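Heads up: the structure comes next, in structure tokens.
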Amino acid sequence: MELIAENLRVTRGYRTVFAGLGFSVSEGGALILAGPNGAGKSTLLRILAGLLPVEEGEVRFGDVSLRADRGAFVDHVVHTGHLDALKPAFTAWETLAFQADLYGAPRGRIEAALDALDLGFLSDQPVRVLSAGQKRRLGLARLALIERPLWLLDEPTVSLDAKSAARVAQMARDHCAQGGLVVAATHIDLGIDGAARLDPAAFAPGESPSDFSRDDAVLDGDAW
Amino acid sequence: MPFLALIRRDLAIAFRTGGGGALGVAFFVIAATLVPFGVGPLPELLSRIAPGMLWIAALLSCLLTLDRLFQADVEDGSMDVLALSPVPLELVVLAKCIAHWLTTGLPLLLAAPVMALTLRMPEVSYPAMIASLALGTPALSLIGAIGAALTAGMRRGGVLTAVLVLPLYVPTLILGALAVNASAMDLPAAPYLMLSGAITLAALPLAPFVAAAALRLAIR
């Protein structure tokens, strides 16, 4: 199955972040989102995850259109964002047990998911005693727990040491090798063969992405 | 089952970080105990105003935990994980409302007789009081979820939640207090109890939809 985005346009506040953005990622392929802060990398990933509405344009995964059938589209996606979605009171194991129940994944996969991110020895430790890097890894363990083809990773290696970052990169490569798709905003090289690169800033209308002045289109009333 | 897992999770969080329902009950007891200090210990006066005071104390203790109902999940990113799960967001809201009621509404049912005694409520109206709380407090959690969802994306939404939600609690408050008052005067409480239950039944399917729509905006 192929992920196709066409002619995407996004407005955040009064600013058009990008317009006319499009790409396609084929089975086993990867797309690396690069670009300066504010270029719209996180925004694009949240759109692809179905967390932000598609204002204009179209996103399809295989035959499933995000706009027409958000539920079916989202069932193919796992998204990890800036926040790790952890509760300090739960242990690492309990965190994944809840996510497994919620997503209908077998609990038998929890140990493997913890081991995949080298968290097995922390499985009975409460999240509140974990370090920032360990929390980030536990947040990423969802990728191994819920088997879904399309991974949307927003800065997955932030606060990870070199060894853990390499582990995450290896996970992404393995996922692609098994026919999965990865769209990642990252500043380190995940080392995926044939990964395409996209800078959303290249689709920013007119002004540079760091310029927060109101977009002309909005002032003209086009966006309303 | 995902729905039960959601309820279990919220109950576990409530018990591990907020003492479960104990804090809400303590607040309820203190708020109701303040009344005799404020209005004087005259038994006739206290037993006259006891139903209203109990219900007002119940509303306020429900509000205590309401503003964190969704806010905590929005702040730590859990709401994204919930929103992307196969469970519809409406059911997520309903599960959280049930967990909220189990940790705030249900303990009040157990604490209410003690407070009724303190406030010299006539014994004959105890059944009506318990029934009115049992039928009315679920509506407090459900309607409250709407206010909590509307303020979920805000840093300090607590007071705003209260301002949004308390006016919506008025019908439940009136009917609940009326049921207890009626039984104290040997009048049938059933009509008020039924209307109170009707509000809960109406809120049961409606509130999750409204709250879920507000949450979708909160995580944008």
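The values are calculated or read from the model by the stated rules, or taken from the named source; none is laboratory data. Quick caveat, the model's predicted, so the values are computed rather than measured. Reconstructed Cβ throughout: ideal geometry from the backbone, glycine too, with neighbour counts over all protein chains shown.
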Which one is surrounded by the most Cβ atoms within 10 Å (Cβ to Cβ) among residues in segment A:1-59 that are under 20 Å from B:ARG216 (Cβ atoms) and of a type in the set (S, T, N, Q)? A:THR43
Tell me which residues, restricted to segment B:9-24, are at pLDDT 85 or above, under 16 Å from the mean Cα position of the chain (by Cα) and either closer than 13 Å to A:PHE98 by Cβ or within 14 Å of another protein chain (Cβ to nearest Cβ) (or both). B:ASP10, B:LEU11, B:ALA14
Could you check, for segment B:46-60, whether at least one of its residues is within 16 Å of B:THR103 (Cβ to Cβ) and free of Cβ contacts under 8 Å to residues at least 24 places away in the same chain? no
Filter pass, B:ILE174 being hydrophobic (A, V, I, L, M, F, W, C), closer than 24 Å to B:LYS96 by Cα and in a helix (DSSP H, G or I): no
Qualifying positions in segment A:119-128 - within 22 Å of B:ALA12 (Cα to Cα) and either part of a loop (DSSP other than H, G, I, E, B) or within 14 Å of chain B (Cβ to nearest Cβ) (or both): A:SER123, A:ASP124, A:GLN125, A:PRO126, A:VAL127, A:ARG128
Of the residues in segment A:119-148, those that are buried (at least 19 other Cβ atoms within 10 Å of the Cβ) and closer than 22 Å to A:GLU2 by Cα come to A:LEU143, A:ALA144, A:ILE146, A:ARG148
Return yes or no: is B:ALA5 away from chain A (no Cβ under 14 Å) and among the aliphatic types (A, V, I, L, M)? no
Does B:PHE27 satisfy the criteria of being farther than 16 Å from B:ALA148 by Cβ and either part of a helix (DSSP H, G or I) or facing chain A (nearest Cβ under 8 Å) (or both)? yes
Is it true that A:VAL182 is closer than 21 Å to B:ASP76 by Cβ, touching a residue at least 60 places away in the same chain (Cβ under 8 Å) and either buried (at least 21 other Cβ atoms within 10 Å of the Cβ) or in contact with an Asp or Glu (Cβ under 6 Å, 6 or more places away or on another chain) (or both)? no
Out of curiosity, is B:PHE37 assigned to a helix (DSSP H, G or I), surrounded by fewer than 18 Cβ atoms within 10 Å (Cβ to Cβ) and either within 14 Å of chain A (Cβ to nearest Cβ) or at pLDDT 90 or above (or both)? yes
So, in segment A:76-89, how many residues would count as being in a loop (DSSP other than H, G, I, E, B), more than 7 Å from chain B (Cβ to nearest Cβ) and either among the small types (Gly, Ala, Ser) or crowded, with 20+ Cβ neighbours inside 10 Å (or both)? 0
Out of the residues in segment A:98-118 that are more than 14 Å from chain B (Cβ to nearest Cβ) and not hydrophobic (A, V, I, L, M, F, W, C), which is surrounded by the most Cβ atoms within 10 Å (Cβ to Cβ)? A:ARG109
When restricted to B:THR118, B:THR161, the only residue among the polar types (S, T, N, Q) and surrounded by fewer than 24 Cβ atoms within 10 Å (Cβ to Cβ) is B:THR118
So, in segment B:44-74, exactly how many residues are surrounded by fewer than 23 Cβ atoms within 10 Å (Cβ to Cβ) and of a type in the set (Asp, Glu)? 1
